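The values are calculated or read from the model by the stated rules, or taken from the named source; none is laboratory data. Owing to the predicted nature of the structure, the values given are computational and were not obtained by experimental measurement. In this analysis, Cβ positions are derived from the backbone assuming ideal geometry, glycine residues included, and neighbour counts consider all displayed protein chains. The accessibility values were calculated without ligands, DNA or RNA, using every heavy atom of the protein model including side chains. Shrake-Rupley method; radii C 1.70, N 1.55, O 1.52, S 1.80 Å.
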Amino acid sequence: MISPLTTEVYAGLGVAACAGLAAGVFAYAAMWPGSRIFGKALIAPKRPDELALTFDDGPNATWTPRLLEILARHDVRATFFLLGSRAEGKPELVRRIAAAGHVIGNHSWSHPNLARTSASRVREELERTNETLEQITGMPVNFFRPPFGARRPAVLRIARELGLTPVLWNAMTSDWSEPSAERIAEQLTKAIEGQRRHGYAANIVLHDGGHRDPAANREPSVTAAGMLIERYKATHRFVTLDAWS
Ligand SMILES: [Zn+2]
């Protein structure tokens with residue numbers, strides 16, 4: 001049976017956990033997407049012909065609509081991890097995302113590092129976002145991606161208590177600071193091919209908003225998404241995360 005929960009930490013990456021210092025191990029467990037020391041999270045199943053495009057830090061008035069156009073043009077569905085604080089002010093845009101058949105996930109209310117946030121505030125961040133998104137779309141929220149990938153056991157426990165599956169990723173580049181769409185697409189292609197060689201689907205992260213600065217330019221990220229779709233649409237299936245849960 002295919003387990004949607006990737007339980008392997010690749011040998012090469014596991015080395016980082018052996019640094020010896022407790023602080024180093026803690027940082028690894030809290031921040032490294034492949035670490036399962038702090039509990040399981042959905043990454044990607046052993047389906048090397050599937051790709052999940054996921055977009056964090058939206059909704060964004062400028063870039064989310066551009067992205068929606070590209071996805072619609074290619075008839076591709078994606079997963080959007082929205083910030084509750086941004087969604088609250090843009091209910092129509094959130095409804096547009098949902099109406100187009102994309103999956104909407106919880107990316108917290110205000111994008112704190114949840115590895116260093118009190119349990120009560122973690123709950124508030126997640127609960128408030130769930131409530132806001134559900135009120136806007138009328139649909140339940142099932143997925144949660146921790147900001148920065150930062151977590152600890154309490155974060156995952158609280159997420160599960162709220163009915164959320166924690167999600168990490170296995171294909172990312174610094175798209176938020178990269179001016180070239182070509183380079184973002186190139187870096188992600190390398191990550192996708194790496195996962196494919198190991199027999200895994202790719203859970204790809206891009207950003208259609210800026211969690212610090214909503215005016216941040218996300219054109220390279222949005223363009224790179226289109227380039228990846230062009231590159232892979234003939235050979236891969238683009239899926240939303242509910243296909244893996
Ligand atoms: Zn984020």
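Miscellaneous remarks
- Carbon plus sulfur fraction of accessible area for segment 35-168, probe 1.4 Å, in percent: 47
- The 3J(HN,Hα) values that the Karplus relation (6.51, -1.76, 1.60; θ = phi - 60°) gives for segment 191-206 are, in residue order, 5, 4, 5, x, 5, 4, 4, 7, x, 10, 5, 10, 9, 9, 9, 9 Hz. Gly and Pro appear as x.
- Estimated FRET transfer efficiency (E134, E219; beta-carbon r; R0 35 Å; 0.05): 0.70
- Segments 109-116, 74-81, 141-148 sorted - mean Cβ within 10 Å per residue, highest first: 141-148, 74-81, 109-116
- Charge sum, other residues only, whose C-beta stays under 9 Å from H74's C-beta, Lys/Arg counted +1 and Asp/Glu -1: 0
- Computing FRET efficiency as 1/(1 + (r/R0)^6) for A119 and S174, where r is the C-beta to C-beta distance and R0 is 30 Å, gives about 0.45.
- The simple spin-label model puts a point 7 Å past each Cα toward its Cβ; for R160 and H198 those points are separated by 2.2 nm.
- Using the alpha carbons alone, the radius of gyration of segment 114-187 stands to its Kirkwood radius in an Rg to Rh ratio of 1.08.
- Straight-distance candidates among the aspartates and glutamates for linking to K40, with alpha-carbon spacing under 12 Å and chain neighbours fewer than 8 residues away dropped: E8.
- The peptide list 172-183, 154-165, put in order of mean Cβ contacts within 10 Å with the highest first, becomes 154-165, 172-183.
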